[in-house]
Amino acid sequence: MKPLVVASLPIRTRADFSKVDQINSDLVELRLDYMNEPYVDTDFIKGHLRKLLVTIRDKNEGGVNPISDELKRKILRSLDELGVLYDVEASFLKRNNVNYKGKVVSVHYFNTVPNFQEVKEILEKYSKDAFTVKVAITGKDNYREFLGKVSSFDNVTIVPMGVDPIERIAFSLLNSKLIYAHAGESTAPGQMDYCTVNRILSCIFNSK
Ligand SMILES: O=C1C[C@@](O)(C(=O)O)C[C@@H](O)[C@@H]1O
């Protein structure tokens, strides 16, 4: 199945929200952790519900600015009331009671490839009810074999980080619900621009 293309967009100021309307991808990820004080424009969210994936990335999983669990919990709960898709780390869910059903549950390893059992437990716990469970891993050691094992699970999103961006296309064809790309400014190593991703996937899936 063709993966959904997520254009990841750093949001530093309220003016940055207006960039969403210029982006023609399946989803636009609003990286609110780029803001010093994350701000949710409720009217804007309501007007773009089906296009948005809101992320407030924990600093210890690649986030830019620190945010307290309390503030993040409050924002995620308000986003849940609006019915908008958001990303929440499995590690955050261990500490906080917020809804993950129909949301992106994520885990990120920027330095090493972890023990598979750790990720297997996350996949088994969340993949039934989440929108998808996303596993993002740095391109070191046995990361291909590791992500190959992740691809055998249902409802996963596979993100190899810091490698040739074409590998994201390859893994997305294996079995990945989402493929992350940039809209001019990368939010992680190894992203391709979303227009190129759209073009490549159209060639692959329109030719099938
Ligand atoms: O978790 C992910 C994946 C990502 O880290 C990437 O490697 O494309 C980019 C982040 O913005 C997103 O929240």
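The values are calculated or read from the model by the stated rules, or taken from the named source; none is laboratory data. No experiment lies behind these values; they were computed from the predicted model shown. A quick note on method: Cβ atoms are made from the backbone with ideal geometry, for glycine too, and the neighbour counts reach across all protein chains shown. Protein only, heavy atoms only, side chains kept; ligands, DNA and RNA dropped before computing areas. Shrake-Rupley method; radii C 1.70, N 1.55, O 1.52, S 1.80 Å.
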TODO: Within segment 36-52, track down each residue that is assigned to a helix (DSSP H, G or I) and open to solvent by less than 10 Å² (accessible area, probe 1.4 Å).
DONE: 45
Task: Counted residues, segment 53-107 - those being of a type in the set (A, V, I, L, M, F, W, C), closer than 16 Å to residue 34 by Cβ and surrounded by fewer than 22 Cβ atoms within 10 Å (Cβ to Cβ) - done: 4
Open item on the list: Can you go through 156, 150, 163 and tell me which one is within 11 Å of the ligand (Cβ to nearest atom), among the aliphatic types (A, V, I, L, M) and free of Cβ contacts under 8 Å to residues at least 60 places away in the same chain?
Closed with: 163
- [ ] List every residue pair whose Cβ atoms sit under 7 Å apart, with the two residues 6 or more apart in sequence or on different chains, where the first one lies in segment 16-42 and is under 23 Å from residue 198 (Cα atoms) and the second, anywhere, is in a helix (DSSP H, G or I) and open to solvent by less than 10 Å² (accessible area, probe 1.4 Å).
- [x] 28/20
Open item on the list: If I ask for residues that are open to solvent by 30 Å² or more (accessible area, probe 1.4 Å), in a helix (DSSP H, G or I) and either within 9 Å of the ligand (Cβ to nearest atom) or at pLDDT 95 or above (or both), which ones from segment 174-196 would you list?
Closed with: 195, 196
Task: For residue 57: the one exception among (1) farther than 16 Å from residue 87 by Cβ; (2) within 14 Å of the ligand (Cβ to nearest atom) - done: (1)
- [ ] Could you please let me know if residue 33 is under 26 Å from residue 184 (Cβ atoms), within 14 Å of the ligand (Cβ to nearest atom) and part of a helix (DSSP H, G or I)?
- [x] yes
- [ ] Select, from 144, 168, 199, the only residue that is assigned to a helix (DSSP H, G or I) and near the ligand (Cβ under 10 Å from one of its atoms).
- [x] 168
TODO: Sort out which residues of segment 114-146 are aliphatic (A, V, I, L, M) and over 14 Å from residue 179 (Cα atoms), and write them in order of number.
DONE: 119, 122, 123, 130
- [ ] Go through segment 108-117 and count every residue that is surrounded by fewer than 11 Cβ atoms within 10 Å (Cβ to Cβ) and either closer than 10 Å to residue 87 by Cα or away from the ligand (no atom under 16 Å from the Cβ) (or both).
- [x] 2
TODO: Test residue 136 against the criterion of being at pLDDT 95 or above, in contact with a Gly (Cβ under 9 Å, 6 or more places away or on another chain) and assigned to a loop (DSSP other than H, G, I, E, B), and give yes or no.
DONE: no
- [ ] Report yes if some residue within segment 118-126 is within 16 Å of the ligand (Cβ to nearest atom) and either in contact (Cβ under 8 Å) with a residue 40 or more places away in the chain or part of a loop (DSSP other than H, G, I, E, B) (or both); otherwise report no.
- [x] no
TODO: Return the residue satisfying two criteria in turn: it lies in segment 1-15 and is among the small types (Gly, Ala, Ser) and closer than 22 Å to residue 196 by Cβ, and of such residues it is surrounded by the most Cβ atoms within 10 Å (Cβ to Cβ).
DONE: 7
